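None of the figures in this text is laboratory data; all of them are computed from the coordinates on show. Because the structure is predicted, anything quoted here is derived from the model rather than measured. Using ideal geometry, Cβ is built from the backbone for each residue, glycine included, and neighbour counts are taken over all protein chains shown.
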Amino acid sequence: MWLLVAREPPPDAPYWPGRRMLAAVDAAAWPLLWVLVFSHAPKPVGLAAPFVAAVALLFALSRLHRALWINHRYRFTTWRWGRIVAALLLMGMVMKLMLPA
């Protein structure tokens with residue numbers, strides 16, 4: 001038996017000056033980062049690098065469209081993952097301070 005649950009869409013993001021341009025930078029930076037990671041791999045990755053580049057281009061175009069024209073629906077990736085990375089770094093610093101030298 002299938003159970004389908006329809007979620008409410010998140011509320012529109014608040015608009016502030018410069019949000020559209022910063023969203024465009026955020027939208028293009030993350031796919032570019034993935035292309036750079038795969039192009040500078042320490043071992044040959046074969047066809048994975050061109051495939052990742054092609055998929056990243058498609059994602060970048062989709063994200064740019066949302067960032068520029070449907071800006072009220074764009075969510076910042078840097079903010080989402082930055083909080084997680086900051087929490088992990090904070091936990092690592094606390095663990096390092098708690099261990100005896």
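Data table
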{"read-out": "Charge dipole magnitude, Cβ of K and R +1, D and E -1 - the range 1-94, Cα centre, debye nearest 20", "value": "60 debye"}
{"read-out": "Cβ-derived FRET efficiency at R0 30 Å, residue 57 paired with residue 15, nearest 0.05", "value": "0.60"}
{"read-out": "Prolate/oblate/rounded call for the chain, Cα gyration tensor, a/c under 1.5 rounded", "value": "oblate"}
